[in-house]
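To start, the structure under review is shown below, and the notes come after it.
The values are calculated or read from the model by the stated rules, or taken from the named source; none is laboratory data. Please read these numbers as outputs of a predicted model, since none were measured by experiment. Glycine gets a Cβ as well: all are built from the backbone with ideal geometry, and neighbour counts include every protein chain shown. Keep in mind that these areas ignore ligands, DNA and RNA; they rest on the heavy atoms of the full protein, side chains included. Shrake-Rupley method; radii C 1.70, N 1.55, O 1.52, S 1.80 Å.
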Amino acid sequence: MMAHARSNAAPPLVLMSGITQQFPPNTTALENVSLSLDHGQSLAIVGPSGSGKSTLLAILGLLEKPDGGDYILDGRALGKLSATDLAQIRKNDIGYVFQSFNLIDYLSVEENILYALTIKGIRGSQARDRMHRALENVGLLHRRNASPSTLSGGEQQRTAIARAIVTAPKLLLCDEPTGNLDSANSNIILHLILDSVAANNAVIIVTHDEHIAAACTRRVVLRDGHLRETPGGGTL
Ligand SMILES: Nc1ncnc2c1ncn2[C@@H]1O[C@H](COP(=O)(O)OP(=O)(O)OP(=O)(O)O)[C@@H](O)[C@H]1O
Ligand SMILES: [Mg+2]
């Protein structure tokens, strides 16, 4: 009997084609961007300021709907889904580390982490254990009861990273995740992020740091809204 060909190869986690995004009056932030990302990959997006990196991350994270193009996330075409379905996918499958952190200031550091777990239905001692480990990993256990506004920029950044990683999202999106960190902390955080990549998820990191880009499995450059792949390190 003939063996069946493997027909259940996983589709890419991210499959984008022809994505376009314009802002009034006349900015084309993204033009005909296509991108495919497999499970288990880490992708660095580099490019000059204003080239469309955060815009692309917002679309990847379902925070913005593009003006044109198709986006299939883990086999689901997103174009036709309702706002409720999109919110559900955002909640269950996507983690963000924003360029501006977006920590909740009336919650303490540990409450920010616990809140992210609660949203995903993880509560009680399991949530506390995971929170504890996440804060330990970013070196912030001693600041667990602090309000985010009393933290240094780098500490806020590490809190935001702990909050994103603690839920083990399918797609982790990081916008300049080490922009406020010294090189020792930057290395620790980079490895925490990359270690969170497993067979069933992927990470995308927007960065200006060539060291970080080189540590990712793939690297693309955005320039004036155009994306191209640069194997082996193209110029910025
Ligand atoms: N909401 C908006 N309204 C109007 N223009 C916008 C908006 N968001 C972004 N833009 C413009 O789109 C372009 C791409 O912006 P984006 O924030 O994606 O750049 P970036 O590559 O992330 O830059 P940086 O490295 O400085 O963070 C810029 O010209 C920006 O001014
Ligand atoms: Mg940006």
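Taking Cα atoms only, the orientation of helix 153-165 departs from the longest principal axis of the chain by about 60 degrees. Once you order the gyration tensor axes a ≥ b ≥ c over the Cα atoms, which shape class does the stretch 1-95 get: rounded for a/c under 1.5, otherwise prolate or oblate by comparing a/b with b/c? Since a/c reaches 1.5 and a/b is larger than b/c, the shape of the stretch 1-95 is classed as prolate.
How large is the dipole of the chain about the Cα centre if only Lys and Arg carry +1 and Asp and Glu carry -1, each at its Cβ, rounded to the nearest 20 debye?
580
Rg and Dmax of the stretch 89-167, both derived from C-alpha coordinates alone, stand at 11.4, 33 Å. Adding -39500 (n - 2.57) for every DSSP H run of four residues or longer, then dividing by how many residues the chain holds, sets the calculated 222 nm ellipticity at -9500 deg cm²/dmol. In this structure, the amide hydrogen of Ala44, modeled 1.01 Å from its nitrogen in the peptide plane, lies closer than 5 angstrom to those of Ile205, Arg218, Arg219, Val220, counting only residues at least 5 positions away or on a different chain.
In order along the stretch 207-214, the Karplus-derived 3J(HN,Hα) couplings, from 6.51 cos²θ - 1.76 cosθ + 1.60 at θ = phi - 60°, round to 8, 9, 8, 4, 5, 5, 4, 5 Hz, and Gly and Pro are given as x.
Out of Pro25, Pro177, Pro66, any idea which swings most in a Gaussian network model of the chain, alpha carbons joined below 10 Å? Largest GNM mean-square fluctuation: Pro25.
How many times 2.2 N^0.38 Å is the alpha carbon radius of gyration of the stretch 28-145?
Dividing the Cα Rg of the stretch 28-145 by 2.2 N^0.38 Å gives 1.26.
Where Lys and Arg each count +1 and Asp and Glu each count -1, what net charge lies around Tyr96 among other residues with Cβ under 14 Å from its Cβ? For residues surrounding Tyr96, the net value is +2. Between the Cα long axis of helix 124-137 and the first principal axis of the chain there is an angle of about 80°, rounded to the nearest 10.
Computed over the Cα atoms of the stretch 99-228, the ratio of the radius of gyration to the Kirkwood radius (Rg/Rh) comes to 0.98. Could you work out what % of the accessible surface of the chain is carbon and sulfur, using a 1.4 angstrom probe and leaving DNA, RNA and ligands out of the count? Carbon and sulfur: 51 percent of the exposed surface of the chain. Taking the inverse of the mean 1/r over every pair of distinct Cα atoms in the chain gives a Kirkwood hydrodynamic radius of 18.5 Å. Per residue, the chain exposes 49 Å² of solvent-accessible protein surface, assessed with a 1.4 angstrom probe and all protein chains in place.
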